[in-house]
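S.K.: Below you will find the structure I want to go over with you.
Bear in mind that the values in this text are calculations on the coordinates, not laboratory data. The structure displayed is predicted, hence computed values, not measured ones. Counting neighbours? That spans all protein chains shown, and the Cβs are built from the backbone with ideal geometry, glycine included.
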Ligand SMILES: Cc1ncc(COP(=O)(O)O)c(C=O)c1O
């Protein structure tokens, strides 16, 4: 095991929702007397790469934290990342640095739909996909994913029928899909593209887990030129490098007309300068070869942690989604115990998960684990799960 992935970060007093003791005890029925395992929030329990931390410290040493502007160096770092990692060419003018991916979804909903309009999502899904629709007084149209052979399949006929029936103009798509970590394949993407083109639907593709693709089969929708006129990509360095608290993400929008509409909506909401630490962090994350090596090592750990969990629980009555990206295994328990009993039993053991009701449209008995942590934490989690289910 790689040494840098053997220890957790000490962040009990960090004001981070993942780990801050005060926050956890105020929000969950857990006890402060023993170790709390918070497997719920999608972040890593490892230190952010040294070089990124140093870049942030160097910026802090200027001792001034005033308003920022967006530099070409930051956009070039994103451009080179896409060239190297995703074999995709983007121009600097096609990139928009934004204030978080979830916030970007809210902006996109406001930019391209009106109150009362219907918006398409595929469920189960990361809850903010639904929240951004409901908070903006739009209607959710769900295309339910089909769970088969430990992965999700799309019913394309139903998908297109729903688009036509509900006069859909916007599809909020997630690739890799959360929950599950499914990388949609070439055939899936081509079907989706054809459907969107036939029905003139704007396709927003949240690809924030794509840089944690340990199966080497993730494809960004940017690769398909035919959809560029309707496409908005969102990505960020947050998931791979644990930078969610910097609240920085970016959009890639090839069509200048779409970009203009989005720019206007951001202006309307007065979302302007990015966080002062974001640009130094993004440049280091995307251009320093040591950080790239760190990420490659992390992906190996993600894969081996997932394999470890599967093999250690192979005798248990679990159905485990065949994850291809990220560190968030999606698991169904086939035991008599109810969801509420399971939840309470976990809390009693100081173990916190995202349960089925943390996702929009998820079925009962599913929960999501976080394996972005030292092996020791996974071992402890498995021990607790065995106690809960098999005692
Ligand atoms: C699919 C997906 N999109 C977006 C986010 C959050 O992104 P941000 O922190 O940039 O708003 C998450 C976090 O878990 C996620 O899983």
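S.K.: Fewest first, what order do 327, 286, 50, 69 take by the number of other Cβ atoms within 10 Å?
M.R.: 69, 50, 286, 327
S.K.: PRE reach from residue 297 (point 7 Å along Cα→Cβ): which of the stretch 29-50 fall under 14 Å by backbone N?
M.R.: Residues 46-50 fall inside that zone.
S.K.: Now a separate question. Restricting to the chain, what percent of DSSP beta bridges are antiparallel, rounded to 5?
M.R.: Antiparallel bridges: around 55 percent, rounded to the nearest 5.
S.K.: Over all alpha-carbon pairs of the chain, lay out the pair-distance distribution in 20 Å bins, whole %, shortest bin first.
M.R.: Bins of 20 Å from zero give 27, 59, 14, 0 percent of pairs.
S.K.: Can I ask one more? Between residue 135 and residue 53, what is 0.36 nm times their sequence separation minus the Cα-Cα distance? Round to one decimal in nm.
M.R.: Numbers: separation 82, 0.36 × 82 = 29.52 nm, distance 3.54 nm.
Contour length minus the Cα-Cα distance gives 26.0 nm.
S.K.: Give me the percent of DSSP beta bridges within the stretch 86-160 that run antiparallel, rounded to the nearest 5.
M.R.: In the stretch 86-160, approximately 35 percent of DSSP beta bridges are antiparallel ones.
S.K.: Can you sort 105, 316 by how many other beta carbons sit within 10 Å, fewest first?
M.R.: Listing 105, 316 from fewest to most nearby Cβ atoms yields 316, 105.
S.K.: Starting from the Cα of residue 217, step 7 Å toward the Cβ, then list every residue of the stretch 284-324 with an amide N under 15 Å from that point.
M.R.: 321-324
S.K.: Fewest Cβ neighbours within 10 Å first, please rank 220, 381, 151 accordingly.
M.R.: Details: 220 20, 381 23, 151 17.
Ascending number of Cβ neighbours within 10 Å: 151, 220, 381.
S.K.: Between residue 337 and residue 386, what length comes free when the chain is fully extended (0.36 nm per residue of separation minus the Cα-Cα distance, one decimal in nm)? Could you put the intermediate results ahead of the total?
M.R.: Details: separation 49, 0.36 × 49 = 17.64 nm, distance 1.30 nm.
Extra length from residue 337 to residue 386 when fully extended: 16.3 nm.
S.K.: Let me ask you something else. Any idea how far apart residue 271 and residue 146 come out in nm if each label point goes 7 Å out from Cα toward Cβ?
M.R.: Roughly 3.6 nm, to one decimal.
S.K.: For the stretch 45-70 and the stretch 373-387, write down the distance between their C-alpha centroids in whole Å.
M.R.: Rounded to whole Å, the Cα centres lie 33 Å apart.
S.K.: Hey, how many Å between the Cα centroid of the stretch 128-157 and the Cα centroid of the stretch 315-365?
M.R.: 19 Å
S.K.: Find the relative contact order for the chain and round it to a whole percent, using C-alpha pairs within less than 8 Å whose residues are 6+ positions apart.
M.R.: Values: 669 pairs, mean separation 97.7, N = 391.
Relative contact order comes out at 25 percent.
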